[in-house]
Each structure stands twice: as C-alpha cells, then as structure tokens.
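Undergrad: The structure follows.
The values are calculated or read from the model by the stated rules, or taken from the named source; none is laboratory data. What you see is a predicted model; the values in this text were computed from it and never measured. Quick reminder, even Gly has a Cβ in these numbers, built from the backbone with ideal geometry, and neighbours come from all protein chains shown. SASA here: full protein model, heavy atoms, side chains in, ligands and nucleic acids out. Shrake-Rupley method; radii C 1.70, N 1.55, O 1.52, S 1.80 Å.
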Amino acid sequence: QVQLVESGGGLVQAGGSLTLSCAASGGTFSIYAMGWFRQAPGKEREFVAAVSWSGSTYYADSVKGRFTISRDNAKNTVLLQMNSLKPEDTAVYYCNRVIHTSPTGAWGQGTQVTVSS
C-alpha cells in the first residue's frame with residue numbers, strides 16, 4: 001500500500017509562492033496518476049490538480065494559471081508549485097492517487113498552507 005507524506009506548507013503573504021512536496025513509498029508510484037487536494041476550514045475537501053503517469057496535467061479552474069503540478073518518478077515525488085497565492089488558497093493540502101479527479105488511496109497527514117492578506 002502506498003504511503004504518502006506531504007510537506008512544504010507554511011505562512012505566506014498574498015501574492016507569494018510556495019512549493020509543496022508529496023513523497024510516496026510502499027508501492028509502484030510511477031504507474032499511478034497523482035493529485036493534490038485541499039480542505040479549508042468548514043469546507044469539504046476539493047480537487048486542486050492532477051498529473052498522469054506520463055506527465056499530462058489537469059487543474060481546477062480556481063488554480064489554473066497559478067499552480068503547476070509535476071512529478072519525478074525516479075524520486076517517487078509529486079510537487080505542487082503555487083504562485084500568486086490568495087487568501088482563499090488557505091487550506092490543508094493533501095496528495096493522493098487519483099482516477100481522473102477522484103482520490104483512490106489513503107490520505108496522509110496533509111500540510112497547512114496559510115495565505116495572509
């Protein structure tokens with residue numbers, strides 16, 4: 001079973017940037033599509049971005065043009081580069097295996113991103 005550990009969150013001012021990392025272990029990472037999700041206080045967890053095993057990407061409209069997802073199969077990692085951050089991006093961010101935009105595996109502990117105005 002693939003285990004996922006997210007890192008890289010923090011406090012940043014609006015307009016700033018952060019890069020999140022998701023490290024996978026315990027499975028065949030390279031064959032799975034991977035995605036990032038986020039959950040803001042009082043809201044349901046929502047899809048943010050996904051990357052296929054071959055590198056094709058897909059984004060939620062709310063982050064398109066600002067966030068970039070990528071993967072390094074040799075290092076079993078998935079990155080989320082977040083630019084032009086807004087206060088509404090504040091959430092706990094999680095990675096997971098995906099089918100299209102739906103999560104399919106167990107959740108990690110997530111990493112907190114806080115954007116101040």
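Undergrad: Kindly indicate the residue of segment 56-84 that is over 18 Å from ALA33 (Cα atoms) and either aliphatic (A, V, I, L, M) or in contact with an Asp or Glu (Cβ under 9 Å, 6 or more places away or on another chain) (or both) and also surrounded by the most Cβ atoms within 10 Å (Cβ to Cβ) among those meeting that condition.
TA: Filtering segment 56-84 for residues over 18 Å from ALA33 (Cα atoms) gives 61-66, 82-84.
From what is left, the residues that are either aliphatic (A, V, I, L, M) or in contact with an Asp or Glu (Cβ under 9 Å, 6 or more places away or on another chain) (or both) are 62-63, 66, 82.
On the way: SER62: 14, VAL63: 22, ARG66: 15, MET82: 27.
That would be MET82.
Undergrad: Still on this structure, I have one more. For segment 1-55, which residues satisfy the criterion of being assigned to a strand (DSSP E or B), among the β-branched types (Val, Ile, Thr) and open to solvent by 40 Å² or more (accessible area, probe 1.4 Å)?
TA: Once the filter is applied, which keeps residues that are assigned to a strand (DSSP E or B), among the β-branched types (Val, Ile, Thr) and open to solvent by 40 Å² or more (accessible area, probe 1.4 Å), segment 1-55 yields VAL5, THR19.
Undergrad: Considering only segment 68-84, state which residues are outside any loop (DSSP other than H, G, I, E, B), of a type in the set (A, V, I, L, M, F, W, C) and either out of contact with any Leu (no Cβ under 8 Å at 6 or more places or on another chain) or within 21 Å of PRO41 (Cα to Cα) (or both).
TA: Here is the first cut: in segment 68-84, the ones outside any loop (DSSP other than H, G, I, E, B) are 68-72, 77-82.
So of that shortlist, the ones also of a type in the set (A, V, I, L, M, F, W, C) come out as 69, 78-80, 82.
Listed by number, the residues that qualify are VAL78, LEU80, MET82.
Undergrad: Can you tell me which of VAL63, VAL92, VAL113 is at pLDDT 95 or above, farther than 17 Å from VAL5 by Cβ and either hydrophobic (A, V, I, L, M, F, W, C) or in contact with a helix residue (DSSP H, G or I) (Cβ under 6 Å, 6 or more places away or on another chain) (or both)? Spell out the reasoning first.
TA: Values: VAL92 fails: farther than 17 Å from VAL5 by Cβ; VAL113 fails: farther than 17 Å from VAL5 by Cβ.
It is VAL63.
Undergrad: Let me ask something additional. Being part of a loop (DSSP other than H, G, I, E, B) and open to solvent by 60 Å² or more (accessible area, probe 1.4 Å) is the filter here, so list the residues in segment 85-117 that pass it.
TA: Result: LYS86, HIS100, THR104, TRP107, GLN109, SER117.
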